[in-house]
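The values are calculated or read from the model by the stated rules, or taken from the named source; none is laboratory data. Owing to the predicted nature of the structure, the values given are computational and were not obtained by experimental measurement. Heads up, the Cβs are rebuilt from the backbone with ideal geometry, glycines too, and the neighbour counts pull from every protein chain shown. Side chains included, ligands, DNA and RNA excluded: accessible areas come from the protein's heavy atoms. Shrake-Rupley method; radii C 1.70, N 1.55, O 1.52, S 1.80 Å.
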Amino acid sequence: MTTRVRPSSKRCAVIGGSGFLGRHLVEKLLERGYSVAVFDIRQSYELPGVTFYQGDLCDKEALRPALKDVPLVFHCASPAPASDDRALFQRVNVQGTCTVIQACTELGVQKLVLTSSASVVYEGADIKNGTEDIPYTAKPMDYYTETKIEQEKLVLQACDKEGGLLTVAIRPHGIFGPRDPQLVPILVDTARRGKMKFIIGDGTNLVDFTFVENVVHGHILAAEHLRPESPLCGKPYHITNDEPIRFWDFMSKVLVGLGYAAPRYHLPYMLVYGLAMLLWLLAMLLRPLVAFKPTFTPMRVALAGTHHYYSCEAAKRDMGYKPLVSLTEGISRTVESYPHLRHGAP
Ligand SMILES: NC(=O)C1=CN([C@@H]2O[C@H](COP(=O)(O)OP(=O)(O)OC[C@H]3O[C@@H](n4cnc5c(N)ncnc54)[C@H](OP(=O)(O)O)[C@@H]3O)[C@@H](O)[C@H]2O)C=CC1
Ligand SMILES: CC(C)CCC[C@@H](C)[C@H]1CC[C@H]2C3=C(CC[C@]12C)[C@@]1(C)CCC(=O)C[C@@H]1CC3
């Protein structure tokens, strides 16, 4: 007779655990007494309590050892949104997520927590205090969003309350914090190239930026509240700082904190959006001859010039979520963590 090892409830796996959010999640899980298996395409650190498995999540055989005897899996791997490689997004976010679900089911994993994105409902128009019942956009603005929608559907549909895999999706928005490879570095790069002088639109559009530790807190609460009888089963939840801020005020606070000037001059939104569309078309047409990536993509201009903030009332109600770090504290901790990006730094 073979005896199956009963997975310890303080064991878990983090797929994408080498990334920005993944590593913060791993650190918090360790602090809370979990032992963690990290599965990622690259290894970016070593920590006591972490077993590292390197591989592609599309490869089930590579995934299996990381998920074996683990009751709880977090899936926060994705190609970076800045890539415009449709085939890569499709392979990793859609086919790869099918592979993750299959592996979890075959290995008897009890809970799967997906990092989705609030952008699954965003199509370039204003969203004010959006709730989780807004339908997925039928017009995703990029391949990243298109495949995050498919990925979320797959995970939520896989939820089986009758003794099978339980699933939930966390939809963060605008994650920022120490070690973020995107938001602050893109902003500083744009400032260093002298392109952060302009405010797109009237500058009053409100947006959610969410400190990474609050996103981590939402993930752990979701995992710990996910049970067959709980309302979380098969549902998506927004996790934000619950403090929408003007997009341009947030950018200015980070820039000024790092010693750069805040943008001052206004440009009409529709003009910049139109130019971004033209540039994008040009990049498409010239692609066989020259590869260039415009800073001002239509998606980025829309993100910079429209309202997009979301309600996190459902997470408060169903899992007792409350942001732990305020926006002001989050911004100052973030700014302090980037001495090398300060104005004048070598
Ligand atoms: N950052 C944000 O503002 C937001 C992020 N999200 C979601 O949060 C999650 C985490 O994002 P974030 O931490 O910013 O992203 P990161 O790129 O920092 O982390 C993702 C990690 O997954 C790895 N990875 C990519 N492809 C594979 C693969 N095929 N197999 C195994 N590992 C792979 C990446 O490796 P490599 O770097 O080598 O590609 C990276 O280590 C993502 O699902 C993202 O969609 C949602 C909303 C907002
Ligand atoms: C979803 C958002 C809350 C988080 C956005 C993350 C990134 C998409 C943004 C981080 C830095 C931003 C930025 C711009 C657009 C959006 C970001 C890339 C601009 C390109 C917008 C136009 C400008 O004037 C320059 C901006 C640089 C920074």
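Yes/no matrix, rows are residues, columns are (1) buried (at least 20 other Cβ atoms within 10 Å of the Cβ); (2) over 30 Å from residue 146 (Cα atoms); (3) among the β-branched types (Val, Ile, Thr):
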site	(1), (2), (3)
301	yes, no, yes
311	no, no, no
326	no, yes, no
330	yes, no, no
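Could you check the stretch 62-86 and list, in sequence order, the residues that are part of a helix (DSSP H, G or I) and farther than 21 Å from residue 294 by Cβ?
Answer for the stretch 62-86, where residues must be part of a helix (DSSP H, G or I) and farther than 21 Å from residue 294 by Cβ: 62, 63, 64, 65, 66, 67.
Tell me, which residue of the stretch 7-57 that is within 13 Å of ligand 1 (Cβ to nearest atom) and hydroxyl-bearing (Ser, Thr, Tyr) is nearest to residue 74 (Cα to Cα)?
18
When the stretch 182-201 is examined, which residues are found to be more than 16 Å from ligand 1 (Cβ to nearest atom) and open to solvent by 30 Å² or more (accessible area, probe 1.4 Å)?
Across the stretch 182-201, the qualifying residues are 189, 192, 193, 194, 195, 197, 198.
Applying the selection to the stretch 101-137, what residues are in a helix (DSSP H, G or I) and within 16 Å of ligand 2 (Cβ to nearest atom)? Steps first, please.
Taking the stretch 101-137 and keeping what is in a helix (DSSP H, G or I), we get 101-107, 118-121.
Answer for the stretch 101-137, where residues must be in a helix (DSSP H, G or I) and within 16 Å of ligand 2 (Cβ to nearest atom): 118, 119, 120, 121.
Would you confirm, using the coordinates I've provided, whether residue 324 is more than 16 Å from ligand 1 (Cβ to nearest atom), modelled with pLDDT of 95 or more and either more than 26 Å from residue 192 (Cβ to Cβ) or not in a helix (DSSP H, G or I) (or both)?
Numbers: more than 16 Å from ligand 1 (Cβ to nearest atom): yes; modelled with pLDDT of 95 or more: yes; either more than 26 Å from residue 192 (Cβ to Cβ) or not in a helix (DSSP H, G or I) (or both): yes.
Taking the combined requirement at face value, the residue satisfies it.
Hey, could you check the stretch 140-160 for residues that are among the charged types (D, E, K, R) and at pLDDT 95 or above and say which is farthest from ligand 1 (Cβ to nearest atom)?
160
Looking for whichever is open to solvent by less than 50 Å² (accessible area, probe 1.4 Å), touching a helix residue (DSSP H, G or I) at 6+ places or on another chain (Cβ under 6 Å) and farther than 21 Å from residue 224 by Cβ here; the options are 55, 49, 19. Which one fits? Spell out the reasoning first.
Details: 49 fails: farther than 21 Å from residue 224 by Cβ; 19 fails: touching a helix residue (DSSP H, G or I) at 6+ places or on another chain (Cβ under 6 Å).
Going through 55, 49, 19 in turn, just one is open to solvent by less than 50 Å² (accessible area, probe 1.4 Å), touching a helix residue (DSSP H, G or I) at 6+ places or on another chain (Cβ under 6 Å) and farther than 21 Å from residue 224 by Cβ: 55.
Consider only pairs whose beta carbons are under 6 Å apart and that are at least six residues apart or on different chains; among these, list those whose first residue lies in the stretch 23-46 and is in contact (Cβ under 8 Å) with a residue 40 or more places away in the chain and whose second residue is among the β-branched types (Val, Ile, Thr).
So the pair list comes out as 24/212; 24/216; 25/14; 25/216; 28/216; 29/36.
Quick check, is residue 260 within 16 Å of ligand 1 (Cβ to nearest atom) and not in a helix (DSSP H, G or I)? It would help to see each step written out before you state the result.
Numbers: within 16 Å of ligand 1 (Cβ to nearest atom): no; not in a helix (DSSP H, G or I): yes.
Spelling it out, it is not the case that residue 260 is within 16 Å of ligand 1 (Cβ to nearest atom) and not in a helix (DSSP H, G or I).
Could you check residue 177 against (1) away from ligand 2 (no atom under 11 Å from the Cβ); (2) within 23 Å of residue 12 (Cα to Cα); (3) crowded, with 23+ Cβ neighbours inside 10 Å and say which number it fails?
(2)
Only one of these is within 19 Å of the chain's Cα centre (by Cα) and at pLDDT below 95: 8, 18, 44. Name it.
44
Report, by residue number, each residue of the stretch 77-100 that is open to solvent by 30 Å² or more (accessible area, probe 1.4 Å) and either within 18 Å of residue 156 (Cα to Cα) or away from ligand 2 (no atom under 16 Å from the Cβ) (or both).
Going through the stretch 77-100, the residues open to solvent by 30 Å² or more (accessible area, probe 1.4 Å) turn out to be 78, 80-88, 90-91, 95, 98.
Matches in the stretch 77-100: 78, 85, 86, 87, 88, 90, 91, 95, 98.
Kindly indicate the residue of the stretch 137-190 that is of a type in the set (Lys, Arg) and farther than 30 Å from residue 337 by Cα and also nearest to the chain's Cα centre (by Cα) among those meeting that condition. Walk me through how you get there before you give the answer.
Filtering the stretch 137-190 for residues of a type in the set (Lys, Arg) gives 139, 148, 153, 161, 171, 179.
Restricting the remaining residues to those that are farther than 30 Å from residue 337 by Cα gives 139, 153, 161.
Details: 139: 20, 153: 16, 161: 26 Å.
Among those that are of a type in the set (Lys, Arg) and farther than 30 Å from residue 337 by Cα, it is 153.
Does residue 293 satisfy the condition of being more than 23 Å from residue 172 (Cα to Cα) and either in a loop (DSSP other than H, G, I, E, B) or β-branched (Val, Ile, Thr) (or both)?
yes
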